Amino acid sequence: MDIRPQPLREWLLIGAMLAVAWLPHVVVGIALIIAGLVFHTPWALVWLAGMLVTGATRNFMGRDRLPGRAVRPEDEPELVALVQDVAERVGFREPLLVRIVPDVDASMGPAKVDGVRTYVLLLGLPLLRMLTDAQLASVVAHELAHVHHARDRRMSALRFARDCLAERMDGRFRPLGPPAAPLLRATQPQMWQAETAADADAVRVAGTAATTEALRRTGIIHAAFEGLGADWVLSAAGEETYPEDLYAALESALAEPLVADRSVLSATSEEELAAASPYAVEDHPPLGHRIAALPADVEAATSYTGAPLALRTAESVERWCVRLLAGLEETPADDLRPIRLLDLPDERLHALSDRTGLTLLKGATGHEAPEEAVAAALDAVADGTWPRLARRLEPQLRWMPATVRAVAAPQVVSTAVVQGLESVLHAAGWTHANRWINSVLVAPDGTTVVDLYEPITAALKDGDPEPVRTLLATAATAPKETAV
């Protein structure tokens, strides 16, 4: 039994994590100093000094830059009033700025503004558009509660040290893994407890129902934004265009159950990847854990409309966010022309979806024809060599921890095969069942609907690709005149 006081244990963990995190830098610095002194090579000392000066300059230059677009009370009085009301209910009394960012983000951080220590609350435009005012209040309360609870210096230092060490686990080489893993595992419970404590404060402000739905909706919106939204922006940029109605299109897509369900699956896959890490770097508990820990049947502390909060400057904010995502801040506006996703024909919209997996599958199998590339991938599934195919498709798999690779590899292969099979079937007369999703197709008979991920995922799981081969064979026997 550990009889040491809890604070002492935590301070020891903080010191150990910082020591391990900064060990490579210390070793390199000592080696450069020794080289400079022993071999009389001043370049080593100059290099070390240069590294220190560069780091300090970077920190100084970026210290006063605030991300996002400022929210002013005169422009958005309703949003500012909501944040102020939540702050009062949480007990947050520090100076606070609110800024809008283009992605699905909700976070808090300190900053110096005109020499005054201030906190900056970042709110993603997708959340402002697609969460109700009660759900948004829950998100704001969660972030403010984090800072309110983190006034304990020990907890702040613990989070900082853990973040420093967790960053070292993202690289290709992880020599610090063996000493880092037990430290990260030992401190993960405190991080999870901090999240559930902030969730409990959110419940006291917005109620159990709104907080539960906010947790679910945020994950769904994030998955859709990183999937559909990222595809649209990147594909449009390749055609020297940008989607000026990106957020409206994303909102319209998520209104369809198929898109929402697919986003849930994507969010679940991300959780599985995080849970597979042997280093316990994830500082947020799984969604199910968080929802189960919420206080039950708590009503909201104030009345809400149940609708999203209307931004008075919505048009200019959306335009600013889209321009930032499209890189128009660095690119002359004349170089890219706007398009409206909601006005595009279905086939044109489908063409903006990601096709990288199919391109990689052709290269990995050595077959240019999609049907031959898919057939070769199915052969690899049948003989059990598909993990090698996965590594050819995604070389970074080679350097992932084995537990993470076991989860990521099937996802890599299934994505590539789905894109290849979708290309073959669509050319054989199959049509898309949904305007937004490419992988769900309707057979030429007009009644058979197939989600391509289902048979391919099952084939990877049980090693039997025959159902997928049957689908591929239907394309080979389709009349040539039905090809699109």
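The values are calculated or read from the model by the stated rules, or taken from the named source; none is laboratory data. Since the structure is predicted, the reported quantities are computational estimates derived from the model, not experimental observations. As a convention, Cβ positions derive from the backbone with ideal geometry for all residues, glycine included, and neighbour counts pool all protein chains shown. The protein model used for the area step is the full one, side chains on, heavy atoms only, and it has no ligands, DNA or RNA in it. Shrake-Rupley method; radii C 1.70, N 1.55, O 1.52, S 1.80 Å.
Starting from residues that are of a type in the set (D, E, K, R) and closer than 16 Å to A141 by Cα, keep the ones in segment 99-113 and report whichever is modelled with the highest pLDDT.
Looking only at segment 99-113, we keep the residues that are of a type in the set (D, E, K, R), and these are 99, 103, 105, 112.
Right, trim to closer than 16 Å to A141 by Cα and you get 99, 105.
Values: R99: 97, D105: 92.
Restricting to residues being of a type in the set (D, E, K, R) and closer than 16 Å to A141 by Cα, the top hit is R99.
Can we say V281 is touching a Pro at 6+ places or on another chain (Cβ under 8 Å) and over 18 Å from L136 (Cα atoms)? Even if it seems obvious, please write down each step before you answer.
Values: touching a Pro at 6+ places or on another chain (Cβ under 8 Å): no; over 18 Å from L136 (Cα atoms): yes.
Answer is no for this residue.
Suppose the filter is out of contact with any helix residue (DSSP H, G or I) (no Cβ under 7 Å at 6 or more places or on another chain) and not in a loop (DSSP other than H, G, I, E, B); does S235 pass it?
On the way: out of contact with any helix residue (DSSP H, G or I) (no Cβ under 7 Å at 6 or more places or on another chain): yes; not in a loop (DSSP other than H, G, I, E, B): yes.
Taking the combined requirement at face value, the residue satisfies it.
When you look at T359, is it open to solvent by 30 Å² or more (accessible area, probe 1.4 Å) and not in a loop (DSSP other than H, G, I, E, B), yes or no? Please lay out each step first, then the result.
On the way: open to solvent by 30 Å² or more (accessible area, probe 1.4 Å): yes; not in a loop (DSSP other than H, G, I, E, B): yes.
The answer is yes for T359.
Anything in segment 392-422 that is among the polar types (S, T, N, Q) and open to solvent by 40 Å² or more (accessible area, probe 1.4 Å)? List them, or say none. Walk me through how you get there before you give the answer.
Narrowing segment 392-422 to residues among the polar types (S, T, N, Q): 396, 403, 411, 414-415, 419.
Matches in segment 392-422: Q396, T403, Q411, T415.
Of the residues in segment 381-392, how many are without any contact (Cβ under 8 Å) to a residue 24 or more places away in the chain and either within 25 Å of the chain's Cα centre (by Cα) or assigned to a helix (DSSP H, G or I) (or both)? Even if it seems obvious, please write down each step before you answer.
First pass over segment 381-392, keeping only residues without any contact (Cβ under 8 Å) to a residue 24 or more places away in the chain: 383, 385, 387-388, 390-391.
Filter again for either within 25 Å of the chain's Cα centre (by Cα) or assigned to a helix (DSSP H, G or I) (or both), leaving 383, 387-388, 390-391.
The number of residues fulfilling the criteria is 5.
Kindly indicate the residue of segment 371-380 that is open to solvent by less than 50 Å² (accessible area, probe 1.4 Å) and in contact (Cβ under 8 Å) with a residue 60 or more places away in the chain and also nearest to G357 (Cα to Cα) among those meeting that condition. It would help to see each step written out before you state the result.
Let us first name the residues in segment 371-380 that are open to solvent by less than 50 Å² (accessible area, probe 1.4 Å), namely 373-378, 380.
So of that shortlist, the ones also in contact (Cβ under 8 Å) with a residue 60 or more places away in the chain come out as 374-375, 378.
Numbers: V374: 11, A375: 15, L378: 15 Å.
Result: V374.
Evaluate the following for N434: is it open to solvent by less than 30 Å² (accessible area, probe 1.4 Å), modelled with pLDDT under 95, in a loop (DSSP other than H, G, I, E, B) and touching a His at 6+ places or on another chain (Cβ under 8 Å)?
On the way: open to solvent by less than 30 Å² (accessible area, probe 1.4 Å): yes; modelled with pLDDT under 95: yes; in a loop (DSSP other than H, G, I, E, B): yes; touching a His at 6+ places or on another chain (Cβ under 8 Å): no.
It is false that N434 is open to solvent by less than 30 Å² (accessible area, probe 1.4 Å), modelled with pLDDT under 95, in a loop (DSSP other than H, G, I, E, B) and touching a His at 6+ places or on another chain (Cβ under 8 Å).
Return the total of residues in segment 292-307 being outside any loop (DSSP other than H, G, I, E, B) and farther than 19 Å from Q188 by Cβ. Write out each step before concluding.
Taking segment 292-307 as the starting set, the residues that turn out to be outside any loop (DSSP other than H, G, I, E, B) are 292.
Still in the running and farther than 19 Å from Q188 by Cβ: none.
Selection size over segment 292-307: 0.
I want to confirm something. Restricting to segment 461-482 and keeping residues that are open to solvent by less than 60 Å² (accessible area, probe 1.4 Å) and of a type in the set (A, V, I, L, M), which single residue is modelled with the lowest pLDDT?
Step by step, filter segment 461-482, then rank; the result is A478.
Does segment 274-287 hold any residues that are loosely packed, with under 15 Cβ neighbours inside 10 Å and either aromatic (F, W, Y) or at pLDDT 95 or above (or both), and which are they?
Within segment 274-287, no residue meets the criteria.
Do you know which of the residues in segment 97-126 that are touching a His at 6+ places or on another chain (Cβ under 8 Å) and assigned to a strand (DSSP E or B) is most open to solvent (accessible area, probe 1.4 Å)?
M108
Quick check: is even one residue across segment 344-352 at pLDDT 95 or above, crowded, with 19+ Cβ neighbours inside 10 Å and assigned to a helix (DSSP H, G or I)?
For segment 344-352, residues at pLDDT 95 or above, crowded, with 19+ Cβ neighbours inside 10 Å and assigned to a helix (DSSP H, G or I): absent.
Counting only residues that are in contact (Cβ under 8 Å) with a residue 60 or more places away in the chain and of a type in the set (G, A, S), which one in segment 352-370 is nearest to A224 (Cα to Cα)?
S353
Within segment 168-214, track down each residue that is open to solvent by 10 Å² or more (accessible area, probe 1.4 Å), in contact with a helix residue (DSSP H, G or I) (Cβ under 7 Å, 6 or more places away or on another chain) and of a type in the set (A, V, I, L, M).
M169, L176, L183, A186, A194, A197, A210
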